[in-house]
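The block underneath contains the structure these notes are about, expressed in structure tokens.
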Amino acid sequence: MNLFTLIIVTVTALCFIGYIYDLFFCRKARNERIAKAIKEKGDQFTKKDLEELEHENFFIDQSRSLFWVFLAVLVIRSFLFEPFRIPSDSMMPTLFDGDFIGVTKFSYGIKNPFTNANMIDTGTPKRGDIVVFRYPVNPDIDFIKRVVALPGEKIVYKNKQLFIKPLCENSESNCDSLIKIETELVNKGEFNYDGLELERYHERISENLTHDILINPYVDNSARHNLYTRADTEKEREAVMNHSKIEWIVPPGHYFVMGDNRDNSMDSRFWGFVPEENLIGKASFIWFSLGYNPEPKTWFEKHIPNSIRFNRIGGIE
């Protein structure tokens with residue numbers, strides 16, 4: 001359970017205690033006071049009199065007013081939708097740093113909000129889904145990446161080209177060889193990294209989904225240097241510096257994920273697979289987006305937004 005969920009659960013529980021106390025111990029006495037005042041004052045009884053007689057102590061009044069609000073927030077956030085802010089450039093050009101997205105919590109199961117254990121199965125990720133999950137290296141941190149390989153599949157990433165060997169669905173399927181994921185160059189120079197022009201490609205990750213990726217043609221396939229500077233822990237740095245593997249077989253109950261910004265993403269190529277129990281939900285839509293100075297010269301320009309990107313609000317591919 002993350003900090004925000006813990007706070008909402010705690011506040012909701014406190015409001016529930018106050019609400020129940022008011023329901024069973026305060027309401028009857030309050031109604032009797034109001035009835036007595038109406039009988040005594042008759043037509044002279046005013047709305048102000050009613051407000052004064054309805055007043056209890058601060059905790060009871062706030063609990064009575066806010067319990068259902070916090071309960072609704074808890075239910076919506078735990079079982080329906082959760083907000084998430086994109087914290088980096090690893091999912092460009094699909095998602096930008098500063099995008100605020102809605103995560104559909106029930107896409108991959110109805111989960112216990114306290115333990116994240118699956119209570120009701122509602123589906124599993126498909127190749128191409130953008131998923132939010134608890135980072136396997138540090139479960140207190142939420143990550144967002146795109147699913148590129150499913151349980152049991154073989155994946156190869158060589159010379160910036162993705163190959164996948166899917167599971168055979170039946171004996172007649174041709175699953176003996178790797179399938180090259182088709183890409184098509186869109187442009188070069190629309191995005192850059194440290195002054196280097198990036199290449200933008202359409203990638204057909206599945207029959208029903210084409211999305212865009214960024215490739216840095218000036219770095220090696222593993223992008224060790226870029227990722228090393230982004231690693232937060234010694235375990236991550238060691239994984240990046242020792243990384244040389246180009247093929248993987250996804251174990252049962254796990255998923256292989258990658259960032260769309262292929263040479264600037266800390267993903268399954270470096271720290272491994274995402275367990276099914278770590279999944280939080282599917283990224284569904286952008287509901288708000290803040291823009292920042294693309295070439296910041298001061299701390300203020302780097303961390304303080306300078307625009308609202310209304311054109312980015314909408315669905316996610």
Taking the range 86-109, which residues are open to solvent by less than 30 Å² (accessible area, probe 1.4 Å), outside any loop (DSSP other than H, G, I, E, B) and of a type outside the set (A, V, I, L, M)?
D99, G102, T104
Among the residues of the range 20-36 satisfying the criterion of being free of Cβ contacts under 8 Å to residues at least 12 places away in the same chain, under 18 Å from L66 (Cα atoms) and not charged (D, E, K, R), which is most open to solvent (accessible area, probe 1.4 Å)?
F24
Selection from the range 116-143 of residues within 17 Å of the chain's Cα centre (by Cα), open to solvent by 10 Å² or more (accessible area, probe 1.4 Å) and among the β-branched types (V, I, T) yields T124, V137, I141
When you go through R30, R77 one by one, which is the residue that is under 30 Å from F143 (Cα atoms), among the basic types (K, R) and assigned to a helix (DSSP H, G or I)?
R77
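Only one residue in P275, P252, P305 is farther than 29 Å from L196 by Cβ, of a type outside the set (F, W, Y) and open to solvent by less than 60 Å² (accessible area, probe 1.4 Å). Which one? Full working, then the answer.
Values: P252 fails: open to solvent by less than 60 Å² (accessible area, probe 1.4 Å); P305 fails: farther than 29 Å from L196 by Cβ.
Of the residues listed, the single one that is farther than 29 Å from L196 by Cβ, of a type outside the set (F, W, Y) and open to solvent by less than 60 Å² (accessible area, probe 1.4 Å) is P275.
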Residue count, the range 262-310 (criterion: hydrophobic (A, V, I, L, M, F, W, C), part of a loop (DSSP other than H, G, I, E, B) and either closer than 22 Å to L214 by Cβ or at pLDDT below 90 (or both))
2
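The values are calculated or read from the model by the stated rules, or taken from the named source; none is laboratory data. Not measured: the values here are computed from a predicted model. Methodologically, a virtual Cβ is constructed for each residue, glycine included, from the backbone with ideal geometry; neighbour enumeration extends over all protein chains shown. For accessibility, only protein heavy atoms count, side chains too; no ligands or nucleic acids. Shrake-Rupley method; radii C 1.70, N 1.55, O 1.52, S 1.80 Å.
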